[in-house]
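Here's the structure, in structure tokens; my notes come after.
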Amino acid sequence: MHQLIRKFVFTESHCLEEDNTKTFAELFEKLDANKDGKVDVSELKTGLAAMGFTVGKGEAQKMFASGDADKDEGLDFEEFSKYLKEHEKKLRLTFKSLDKNQDGRIDAKEIQQSLKDLGLNLTDRDAETILHSIDADGTMTVDWNEWREHFLFNPADNLQEIIRYWKHSTVLDIGDSLTIPDEFTEEEKTTGIWWKQLVAGGMAGVVSRTGTAPLDRMKVFMQVHSSKSNKISLMDGFKQMIKEGGVASLWRGNGVNVIKIAPETAIKFMAYEQYKKLLAKDGGKIQSYERFMAGSLAGATAQTAIYPMEVMKTRLTLRKTGQYSGMFDCAKKILKKEGVKAFYKGYVPNILGIIPYAGIDLAVYETLKNAWLSRYAKDTANPGVLVLLGCGTISSTCGQLASYPLALVRTRMQAQASMEGSEPVSMSKLVKKIMQKEGFFGLYRGILPNFMKVIPAVSISYVVYEYMRSGLGISK
């Protein structure tokens, strides 16, 4: 039966667009048992089984859910053909990425090398076993038609090549820690590559934040001190800081800013894995909205744990010469003068800022990624460095634009007690005060140095990340 289906559906003569449409129409007619113009889950499962395709438990439902755009419990021909065309395109990308020598056929060595690149080492026998399960004509190589026959009715669309090339939150550090954590494959988790990638990302963050620390300090300085009556330009701000504490003062607060990377990353990663397990239904694949929810909750958990360090970072960034001797002295003086509550000033706007930042960053990045894949991904899923950096920069900038007012309110609340003549006020009162005195744009004080640091931060973090990947032995 398989050979019959192979001849009918997967011959080279059906590669053209119009032939594909005709083939899909004939296949749809065979699956539509009751001839009502729609294929339901039962018809899909029964029809595929009758044609010799092995459909695992729950796979027919997943295929159905992916294709049923209008959620009417039935796939019409348009939905059916659209699903197959989109899925086939993803399969072609994966086939091309596996076909290392570009001869149109995949052999055991190519499978072995590709899986090794993803962190899974296979023996020759294991690779041959995988190949044999796909190889229909017994040649011990797999051509495009065999590959498509084997996987076209497999609902898996989480293709590792695309995921691996398009990871971005671990790689790009712009000083904010509100992004959704990266997904790691099971192979990466079992082989230990995940922690190497986190270490590489952490080191990239350290170098990136240190390199852009003067701009970050200027942002905080303008957020707190700049106003309509006290306008501070970039040049004037840097002159004031250098005059007060010398060139080294431009890096005030950077120490605690890089120290908090390690605990925050570790807590966020562990919390994210736990939240995914809680939110995923029946242990299945996590959906986009569930990933967003898990990522937001993980970010909130991590921020709650390390928030005292955020407060100290702001205080140390704004300190005058001689005010604090270091991080521990700062913590000691805050605790003695203001109590434990002071370490959570500005906590509410900080947590509220996670949703618009992470949501918009993820949405914009996914939109840009899908746009590139649909338009330019003809021979490879690899977008190249410039596209990756561009997408990361644009998505992060959009996220910052949405959450910046909350970040400004958070910073002012954190700094209140350290400012002379400043009385502690609630978040709502502070927003009203800023709006009344400075207008809407008062909520965007310091946005210029913040945007100025995005491109160098992204570039530095990417270069350092790639260097660390090489040093830690992570394959491309």
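The values are calculated or read from the model by the stated rules, or taken from the named source; none is laboratory data. Not measured: the values here are computed from a predicted model. Methodologically, a virtual Cβ is constructed for each residue, glycine included, from the backbone with ideal geometry; neighbour enumeration extends over all protein chains shown. What goes into the accessible areas is simple: the full protein's heavy atoms, side chains included, and nothing from ligands, DNA or RNA. Shrake-Rupley method; radii C 1.70, N 1.55, O 1.52, S 1.80 Å.
Structure above, values below:
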item: Candidate residues Lys228, Lys277, Lys341, Lys90: accessible-area rank, largest first, probe 1.4 Å; result: Lys341, Lys277, Lys228, Lys90
item: Simple spin-label estimate for Leu386 and Ile455 in nanometres, 7 Å along Cα-Cβ; result: 1.4 nm
item: Average projection area in nm² (convex hull over Cα atoms of the range 186-472, one quarter of hull surface); result: 17.4 nm²
item: Potential lengthening between Gln61 and Arg375 on full extension [0.36 nm per residue; Cα-Cα distance subtracted]; result: 110.1 nm
item: Spacing of the two label points (7 Å from each Cα toward its C-beta) at Lys277 and Ala50, in nm; result: 4.3 nm
item: Ordering of 405-413, 211-219 by packing [mean C-beta count within 10 Å, highest first]; result: 405-413, 211-219
item: For the range 457-469, 3J(HN,Hα) per residue [Karplus equation, 6.51 cos²θ - 1.76 cosθ + 1.60, θ = phi - 60°, Hz, x = Gly/Pro]; result: 5, 5, 5, 4, 5, 5, 4, 5, 4, 5, 5, 5, 4
item: For the range 186-472, with +1 on Lys and Arg beta carbons and -1 on Asp and Glu, the positive-most of Ile354, Pro456, Ser229 along the dipole; result: Ser229
item: Difference of contour (0.36 nm per residue) and Cα-Cα distance, Leu234 to Leu401; result: 58.2 nm
item: Added length on full extension, which subtracts the Cα-Cα distance from 0.36 nm per residue, Lys71 to Lys432; result: 125.5 nm
item: Cα-centred dipole magnitude for the range 186-472, charges only on beta-carbon of K, R (+1) and D, E (-1), debye, nearest 20; result: 1000 debye
